[in-house]
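The structure appears below as structure tokens.
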Amino acid sequence: MSSSQESLLVEVRFEIEKDAEGYPKSRDAEALLCKPLNPECSVCVVASVPFYLRNVAYGDIVRTEESPSESLRFREVIQRGGYSIFRLLLHDPPTKDEVIRKLLDLDVLLEHEGDLIAIVVPPAADLRAVLDYVVEGKRKGLWGAQDGYVFEDNF
């Protein structure tokens, strides 16, 4: 791969697996930025935070295929990257900055959009401390919480 291709990110479409209540109701797919590992872009590393996906995490190596619309479509996870994903839906938006600061103090990566915060827990971070914080906030009614993928080797 040339040096210009090494920094290339491509968009890959992932179909969303809906939960028992049909969430998310407004979306059927999520596009994530991924770093190609070969010139054909058929093997990539997920390089952005999933907001709605289950069982796919930042850092995972995935296989893709071209779809009829010429875009790349997710086929399967080839190798786990060691990251865990959680989502918070804030019930009290004024606490958003405080929540973000606390999460960043726990050494996570995150992205946020409106009242939704998507959290990536790196392999070196304290997964138990993040999980305790997420569960405690949910218990207090500050947010709803959902796991996207938990890398169990981090426990």
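The values are calculated or read from the model by the stated rules, or taken from the named source; none is laboratory data. On a predicted model such as this, the values are computed, not experimentally measured, just so you know. Cβ atoms come from the backbone with ideal geometry, glycine included; neighbour counts cover every protein chain shown. Areas reflect the complete protein model, heavy atoms only, side chains present, ligands, DNA and RNA absent. Shrake-Rupley method; radii C 1.70, N 1.55, O 1.52, S 1.80 Å.
Only one residue in Ser84, Ser67 is within 13 Å of the chain's Cα centre (by Cα) and open to solvent by less than 60 Å² (accessible area, probe 1.4 Å). Which one?
Result of the check over Ser84, Ser67: Ser84.
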For Val77, state whether it is open to solvent by less than 60 Å² (accessible area, probe 1.4 Å), assigned to a helix (DSSP H, G or I) and under 18 Å from Tyr52 (Cβ atoms).
-> no
Of the residues in the range 87-103 that are touching a Phe, Trp or Tyr at 6+ places or on another chain (Cβ under 9 Å) and within 20 Å of Pro24 (Cβ to Cβ), the one that is surrounded by the most Cβ atoms within 10 Å (Cβ to Cβ) is Leu88
What single numbered condition from (1) under 22 Å from Ala20 (Cα atoms); (2) in contact (Cβ under 8 Å) with a residue 60 or more places away in the chain fails to hold for Ala145?
-> (2)
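Surrounded by 13 or more Cβ atoms within 10 Å (Cβ to Cβ), closer than 24 Å to Phe151 by Cβ and free of Cβ contacts under 8 Å to residues at least 24 places away in the same chain: which single residue out of Tyr23, Tyr58 fits that description?
Tyr23
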From the options Val108, Val135, residue that is of a type outside the set (D, E, K, R), at pLDDT 95 or above and open to solvent by less than 70 Å² (accessible area, probe 1.4 Å) | Val108
From the list Leu37, Leu8, Leu33, which one is of a type in the set (A, V, I, L, M, F, W, C), open to solvent by 60 Å² or more (accessible area, probe 1.4 Å) and in contact with a Ser or Thr (Cβ under 6 Å, 6 or more places away or on another chain)?
-> Leu33
